[in-house]
């Protein structure tokens with residue numbers, strides 16, 4: 001008959017046993033990782049011989065390219081939801097992953113387009129990168145000004161320090177890096193459209209709306225102060241004015257103002273005189289901003305019209321302008337059957353989907369509707 | 001008058017018969033899913049297509065077989081010998097078993113990724129999900145009661161076969177459900193019952209059918 005050990009000893013043995021097993025297994029896993037997940041250096045061939053990279057295998061293609069200074073657009077930070085980081089991989093990518101399938105169209109799948117944040121570099125790859133993406137790089141700057149535009153929208157102005165200028169076209173966006181802070185253990189990248197005109201190329205301005213629970217917006221609203229250092233990459237995006245002379249309809253809501261605030265001032269300085277009607281939707285008067293500036297521009301520029309609209313004006317607003325959902329206002333103002341009209345949209349996914357429907361009913365074809373959707 | 005199908009318990013018979021009985025009871029009469037209701041979560045969510053059910057089922061078989069055996073080693077050779085000294089083997093096994101399962105799934109994921117990228121991709125997200133499949137931990141815990149049960153007294157080989165049987169039982173159940181679900185015409189089901197509702201009803205009917213098997217093999 002064995003003597004039972006004292007309680008303390010039993011606890012000690014139990015704890016020791018658990019720790020031993022855990023350490024043993026962790027060691028086994030580390031060892032396995034060292035030998036099994038080690039793919040060694042892999043060569044990435046870009047645009048059939050244009051550039052050759054050698055990267056450490058095992059990481060995602062998006063991360064590998066970023067470490068080599070090639071920035072592929074990505075709004076979700078590599079989580080496989082935004083589908084911005086599409087790249088053509090002609091060789092070595094392996095079969096299509098279930099996480100990629102819903103983000104790609106049949107034509108894209110047939111053309112070897114892949115989601116680069118999901119594809120891991122396991123062997124040598126051959127990929128195609130559009131030439132304009134090479135101009136995307138990392139920038140550093142100092143926050144020059146943060147001002148409140150409404151109760152939940154702020155304007156951020158960042159003076160560039162390294163490099164000192166940024167060439168972009170009105171409508172493009174940057175990816176702001178929010179560093180790790182108490183709400184987020186790792187740094188994240190989030191996309192924001194530039195609101196300053198392209199000739200103001202020594203700084204970047206953007207309009208940010210507080211998203212409840214949002215990692216980056218909370219950081220901007222709570223922690224970021226004037227004088228802080230900030231990092232971002234850019235410029236990204238295909239959302240820009242077309243090269244035609246067609247009449248335009250702009251539709252925006254909330255911080256969707258950003259690209260149009262850049263475009264209108266760019267058009268003014270560059271002397272682009274295309275007939276433009278700008279519909280801007282908000283809930284009540286307290287959600288409106290830049291109305292005076294835009295009304296002034298509309299008075300000054302004969303080809304520009306600005307129509308702000310409130311969906312639910314408050315009692316004290318004394319609102320005399322358009323009232324209703326922005327889609328209803330657009331429906332009222334745009335005449336049907338205009339096949340020379342181009343539409344530019346920026347705002348929430350719900351607003352854009354609803355507006356696209358209205359525009360389609362008006363006979364504006366899909367190839368003339370350009371949008372920048374928040375998701 | 002009662003008719004006894006099997007007179008003597010096969011557990012006392014020759015080795016081959018004993019293993020066959022363990023296998024049959026683990027996979028059919030004592031099916032971990034339809035008689036014990038463990039591992040319901042992936043059972044319901046991954047049974048929409050036969051292909052994904054097949055992948056998940058195979059992975060569960062593999063992990064259950066291996067972890068039940070490793071946990072048997074741990075239980076029979078470390079925990080049980082220490083029990084007379086006052087070590088609470090029954091509480092401790094819970095913690096240790098889940099650690100073993102989690103580590104093993106990780107290891108297997110790396111191994112499969114290395115050996116066959118094709119298999120790795122076809123299993124996809126199901127692989128890491130196995131860690132939280134309670135059927136795997138359940139099988140390991142049932143194994144421990146069979147080890148201490150003086151009538152069964154499972155050894156290493158018995159545990160290995162039991163683990164395989166439990167996994168195979170889960171595989172059979174999810175394949176059956178996926179087969180039924182892929183033949184269902186959603187249009188003819190009342191809207192409120194579509195999706196999870198009708199799946200739970202099907203699973204319930206299948207479970208009733210499996211309850212009838214219970215007791216056919218008395219271990």
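The numbers here are math on the coordinates, done by the rules we state, and not lab data. Since the structure is predicted, the reported quantities are computational estimates derived from the model, not experimental observations. FYI the Cβ positions are ideal-geometry reconstructions off the backbone, even for glycines, and counts take in every protein chain you see.
Take every residue in peptide B:89-100, count the Cβ atoms of other chains within 10 Å of its Cβ, and give the average of those counts.
On the way: counts 1, 0, 1, 5, 0, 0, 5, 6, 0, 0, 6, 3.
Neighbouring Cβ atoms belonging to other protein chains average 2 per residue here.
Can you give the relative contact order of chain A as a percent, counting alpha carbon pairs under 8 Å and 6+ residues apart?
Values: 702 pairs, mean separation 44.1, N = 375.
In percent, rounded to a whole number, it is 12.
Using R₀ = 25 Å, calculate the FRET efficiency as 1/(1 + (r/R₀)^6) where r is the Cβ-Cβ separation of residue A:15 and residue B:73; round to 0.05.
Values: r = 21 Å, r/R0 = 0.82.
So the FRET efficiency works out to roughly 0.75.
Rounded, prolate or oblate, given the Cα gyration tensor of the stretch A:41-133, with a/c below 1.5 counting as rounded? Numbers along the way, then the final one.
Working: a/c = 1.42, a/b = 1.32, b/c = 1.07.
Judged from the Cα gyration tensor, the stretch A:41-133 comes out rounded (a/c under 1.5).
Name the shape class, rounded, prolate or oblate, that the alpha-carbon gyration tensor gives for the stretch A:221-375, where a ≥ b ≥ c are the square roots of its eigenvalues, rounded holds for a/c under 1.5, and otherwise prolate holds if a/b is larger than b/c and oblate otherwise.
Numbers: a/c = 1.41, a/b = 1.14, b/c = 1.24.
The shape class here is rounded.
So what's the back-of-envelope 222 nm ellipticity for chain B, counting only DSSP H runs of four-plus at -39500 (n - 2.57) apiece and dividing by all residues, rounded to 500? Spell out each step's value before the answer.
Values: 9 runs with 139 residues, N = 219.
Calculated at 222 nm, the ellipticity per residue is -21000 deg cm²/dmol.
Would you mind calculating the gained length between residue B:207 and residue B:41 on full extension (0.36 nm times residue separation, minus the Cα-Cα distance), in nm to one decimal?
Working it through step by step, the gained length comes to 58.2 nm.
Put a dot 7 Å past each Cα toward the Cβ at residue B:186 and residue B:91; how far apart are the dots in nm?
Using points 7 Å along Cα→Cβ, the separation is 4.8 nm.
Using only the alpha-carbon atoms, how far is helix A:291-300 inclined from the longest principal axis of chain A? Give it as 0 to 90 degrees, nearest 10.
Approximately 40 degrees, to the nearest ten.
Using 0.36 nm times the number of residues separating residue A:349 and residue A:47, minus their current alpha carbon distance, what extension gain do you get?
Working: separation 302, 0.36 × 302 = 108.72 nm, distance 3.38 nm.
Separation in residues times 0.36 nm, less the Cα-Cα distance, equals 105.3 nm.
Taking the beta-carbon count within 10 Å as an exposure proxy, list B:162, A:173 from fewest neighbours to most.
On the way: B:162 30, A:173 23.
Ascending number of Cβ neighbours within 10 Å: A:173, B:162.
Under the definition of partner shielding as Cβ atoms of other protein chains within 10 Å of a residue Cβ, what is the mean value for peptide A:20-26?
If you average over the peptide's residues, the count of other-chain Cβ atoms is 4.
Quote to one decimal, in nm, the extra length available between residue B:116 and residue B:50 on full extension: 0.36 nm per residue of separation minus the C-alpha distance between them.
Full-extension gain reported as 21.6 nm.
By its C-alpha gyration tensor, with a ≥ b ≥ c as the square roots of the eigenvalues, how is chain B shaped: rounded for a/c under 1.5, else prolate for a/b larger than b/c, else oblate?
Values: a/c = 2.01, a/b = 1.25, b/c = 1.61.
Oblate.
Where does helix A:257-270 land angle-wise versus the long Cα axis of chain A, in degrees 0 to 90, nearest 10?
Roughly 50 degrees, rounded to the nearest 10.
Give the percent of DSSP beta bridges with both residues in the protein assembly as shown that are antiparallel, rounded to the nearest 5.
60 percent
What order do you get for B:15, A:257, B:40 when you list them from fewest to most C-beta neighbours inside 10 Å? Each step should come with its number before you reach the end.
Details: B:15 9, A:257 27, B:40 14.
Final ranking by Cβ density, sparse to dense: B:15, B:40, A:257.
Starting with the fewest neighbours, write out A:7, B:177 ranked by other beta-carbon atoms found within 10 Å of each beta-carbon. Before the final figure, lay out the partial values.
On the way: A:7 9, B:177 23.
Result, fewest neighbours first: A:7, B:177.
Per residue of chain A, what 222 nm ellipticity follows from adding -39500 (n - 2.57) for every DSSP H run with n ≥ 4, rounded to the nearest 500? Before the final figure, lay out each step's value.
Numbers: 8 runs with 95 residues, N = 375.
Calculated at 222 nm, the ellipticity per residue is -8000 deg cm²/dmol.
Provide the FRET efficiency to the nearest 0.05 for the residue A:245-residue A:26 pair, computing r from the beta carbons and using R0 = 60 Å.
Details: r = 66 Å, r/R0 = 1.10.
Efficiency at R0 = 60 Å is approximately 0.35.
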